[in-house]
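Reading through the structure tokens given below for one structure.
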Amino acid sequence: MAENILEVRNLKKYFKTARGMLHAVDDVSFSIEKGHTLGVVGESGCGKTTTGRCILRLVEPTSGEIRFEGKDIMKLNRTELKEIRKDMQIIFQDPFSSLDPRYTINQTLSETLRINKIVTGKKAIEDRVLELMETVGLAERLINTYPHELDGGRRQRIGIARALAMEPKFIVCDEPVSALDVSIQAQILNLLEDLQEKLGLSYIFITHDLAVVNHFSDEIAVMYLGQIVEKAPTEELFDNPVHPYTRALLSAIPIPEVIEERPQILLKGEISSPIEPKDECRFAKRCMFACDKCREKNPALSEISPGHFVACARVGEV
Amino acid sequence: MKKDTEIRKDDIALELKNLRVKFVLERETVEAVNGIDITLKRGHTLGLAGETGAGKTTTALSLLRLVPHPGKVECDSLKVDGKDVLKMTSKELEKFRGSDLAMIFQDPMTSLNPVFTVGQQIADTIMLHNPTTKEDAMKQAEKMLELVGIPAVRAVEYPHQFSGGMKQRVVIAIALACNPGVLIADEPTTALDVTIQAQVLALMKKLRDERGMSMIMITHDLGIIADVCDEVAIMYAGRIVEYGTLKDVFNHTKHPYTEGLFNSLPNIRNRSERLKPIPGLMPDPSNLPKGCAFAPRCRYATEACRTARPADRMVSDTHMVACTAYDDPDFRIDRPEKD
């Protein structure tokens, strides 16, 4: 059994709102093997971004355990946390708002290096900046350009270079390609793949795009209203989806091929409120298979075949 | 109802010839659209596909004559339902927009007015085009809401009380309220989640077929094109580089850019296959290359491609490709053909 770089147990994040507690992330557990990628998919509001941010403690989790290389990062103080964040980085969704508009590429990268004392000395920093730019495929002549002079793909490359500057072991990729055009998206996905191979990185890949996650992940967790409803190795999940939500999600992906007739599962209604959810299956309201059993209590994840977990009261029945 | 439209299928719903749009700025001239022809048959759906900056939305706005200042629109002819749109006065245009040609905008969050109820907003559109009383328009508005799957009782609610998918349904209801012959949908589902997207697309297809409407679907998603369109135009740097039936373009792809778009998409059936992105970036529309705009990124490009703009070439009765490489009769791209 390979070593896990990250283990998350019973992670919860609740937000206080005027109408009660909002259960953004509600008892989520998973682990990631070293050098592997876990894909987290789900629709807006399912808690996937909050989960990613909780792992770095960019938002403070309500409760739970997050172990990075065996160390419980929930128990770390500010200084220790700062130290461990060198190993854990994040790439944000929007390359337009995650960069300081008044910093050139050079300033953005060299500041990161200087503040975190990754390398010291003017010459060493300069060399490292150029090296980073080369790693992510930015031409040297762009070193003094500002973000507004660059297109989305190049900006996202700066975001990646900034994360790599810390020489991390693990990166949370929060929808890193959803703001980009397909031809540029493919460039960035290939880059992330190459970096993983070269540097032995582990990723959490958060996205709503199942085609992307299929291509990129070793294992996939499907989230719905703050909870993981199905988790399996990628091939298994695509070949043998069990949860009715996963099935609907897969059938809703538009396929760029001429197909005469394609069976589609159209879900009724929309995602319900995550505020003070009742103890019942959270998907029951939209589920075509829902019965009384589903409304009695919220089903827990159970293992139906090695490595394949499903949270559905009617597993095996439908 | 479908039968009715099939008889007249050869009728032309919309015809556009040689559209050019320029934005003349202080220091530069942005050439957004550089000579586009579109023919839309009645009851058909044409997909306009391409990446950011290809000129898809500018083309759509030109059809409605809504290109904002400092845009300069030139065009040889534009006819919708036989009416010459170029000759219309601003009064006539007001009548034309919404009743003959309607548009659904990309972002349902900003295309509704936050201070009016959704019922009022639909009723306003109805009253603008038909002489009717307020009560009657309101009743029609409620019917429209039910048509798009929203209970009529919610007509008195405000946009912020609806979710993204519901708002887009309201926008569709407004666009369809006056029974337009042609509907332009500009990335109608880009802001929505996939399961909601599937609902909205199914709804649009149903309404289109019931009403015998013609549609122009603008999207960057080739999956959506395959799902709803009969014909496809692939746009690059303000030109149509490939045009044909869905099968022509998807199964007998001819243009290297179209090939590049398909290769960039992760293949859901073969996950380990490495993506083959198109190298480089879309050219700057204020400084377009002299020859083929795609030549700098094209792996088949030759000297001839860099010197002259490729002509439109018909490779079959329905299939057009603008690519100089086909001067060589043996030229083939790598993408395998399907039936």
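The values are calculated or read from the model by the stated rules, or taken from the named source; none is laboratory data. Since this is a predicted model, take the numbers as computed values, not measurements. Neighbour counts run over all protein chains shown; Cβ positions are idealised from the backbone, glycine included. When the accessible area is computed, the model is the full protein with side chains, heavy atoms only, and any ligands, DNA or RNA have been set aside. Shrake-Rupley method; radii C 1.70, N 1.55, O 1.52, S 1.80 Å.
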Cα coordinate range in segment A:134-231, projected on the principal axes (Å, largest first):
47, 27, 21
So, with points 7 Å from each Cα along the Cβ direction, the residue B:72-residue B:116 label distance in nm works out to 3.6 nm
Give the shape of the protein assembly as shown as rounded, prolate or oblate, defined through the alpha-carbon gyration tensor: a ≥ b ≥ c are the square roots of its eigenvalues, a/c under 1.5 means rounded, and otherwise the shape is prolate if a/b is larger than b/c and oblate if not.
oblate
Please give the net charge around residue A:31, taking every other residue with its beta carbon less than 13 angstrom from that of residue A:31, where Lys and Arg add +1 and Asp and Glu add -1.
-3
Treating only Lys and Arg (+1) and Asp and Glu (-1) as charged, each at its beta carbon, one finds that segment B:294-339 has a dipole about its Cα centre, in Debye to the nearest 20, of 300 debye
Using only the Cα atoms of segment B:145-208, each taken as one equal point scatterer with no solvent, compute I(q) by the Debye sum, divide by I(0), and report log10 of the ratio at q = 0.28 Å⁻¹.
-1.43
Given the pairs A:16/A:169; A:16/A:48; A:16/A:75; A:75/A:198; A:12/A:297; B:17/B:290, which span a C-alpha to C-alpha distance of over 27 angstrom in this model?
A:16/A:169; A:75/A:198
Orphan Cys of chain A, criterion: no other Cys C-beta under 4.7 Å
A:46, A:54, A:173, A:287, A:291, A:312
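Rounded, prolate or oblate, given the Cα gyration tensor of chain A, with a/c below 1.5 counting as rounded?
Because a/c hits 1.5 or more and a/b exceeds b/c, chain A counts as prolate.
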Averaged across A:170-182, how many Cβ atoms of other chains sit within 10 Å of each residue's Cβ atom?
2
Expected unfolding gain across residue B:124-residue B:28 under the 0.36 nm per residue rule, minus the alpha-carbon gap, is 30.5 nm
Over the whole of A:41-50, what's the average partner chain Cβ count within 10 Å per residue? Rounded to a whole number, please.
2
Considering the options A:214, A:183, A:170, tell which one lies farthest towards the positive end of the dipole of segment A:169-231, charges being +1 on Lys and Arg and -1 on Asp and Glu at the Cβ, about the Cα centre.
A:170
Which distance in Å, rounded to a whole number, links the C-alpha centroids of segment A:291-314 and segment A:21-98?
25 Å
For segment A:99-199, give the percent of accessible area contributed by carbon and sulfur heavy atoms, probe 1.4 Å, rounded to a whole number.
47 percent
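D for segment A:253-318, whole µm²/s, Stokes-Einstein with Kirkwood Rh over alpha-carbon pairs at 4 °C and 1.567 mPa s: what number? Please report the intermediate quantities before stating the final value.
Working: Rh = 14.3 Å.
The calculation lands on 91 µm²/s.
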Descending semi-axes in whole angstrom, ellipsoid equivalent of segment B:27-146, from the Cα gyration tensor
30, 18, 15
Which distance in nm do the two modelled labels at residue A:111 and residue B:206 give, with both placed 7 Å along the Cα-to-Cβ direction?
5.2 nm
What order, most packed first, do the peptides A:52-63, A:71-82, B:101-112 have when packing is the mean number of other Cβ atoms within 10 Å of each residue?
B:101-112, A:52-63, A:71-82
Could you give the dipole magnitude of the protein assembly as shown about its Cα centre, charging the beta-carbon of Lys and Arg +1 and that of Asp and Glu -1, in debye to the nearest 20?
1360 debye
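Viscosity 1.002 mPa s, temperature 20 °C: give me the Stokes-Einstein translational D for segment B:179-323 in µm²/s, with Rh taken as the Kirkwood radius over C-alpha pairs.
So the translational diffusion coefficient is about 126 µm²/s.
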Expressed as a whole number, the average count of other chain Cβ atoms within 10 Å around the Cβ atoms of A:256-263 is 5
Helix B:194-211 against the longest principal axis of chain B: what's the angle in degrees, Cα atoms only, rounded to the nearest 10?
80 degrees
Most positive-pole-ward Cα, B:96, A:136, A:81, against dipole of the protein assembly as shown from beta carbon charges
A:81
Toward the positive end of the charge dipole of segment B:264-339, about the Cα centre and with charges on Cβ (Lys, Arg +1; Asp, Glu -1), which of B:272, B:321, B:294 goes farthest?
B:272
Pairs to check: B:41/B:206; B:41/B:139; B:95/B:205. Give those whose C-alpha atoms are more than 23 Å from each other in this structure.
B:41/B:139; B:95/B:205
Output the 0 to 90 degree angle, nearest 10, between the alpha-carbon long axis of helix B:118-129 and the longest principal axis computed from the alpha carbons of chain B.
80 degrees
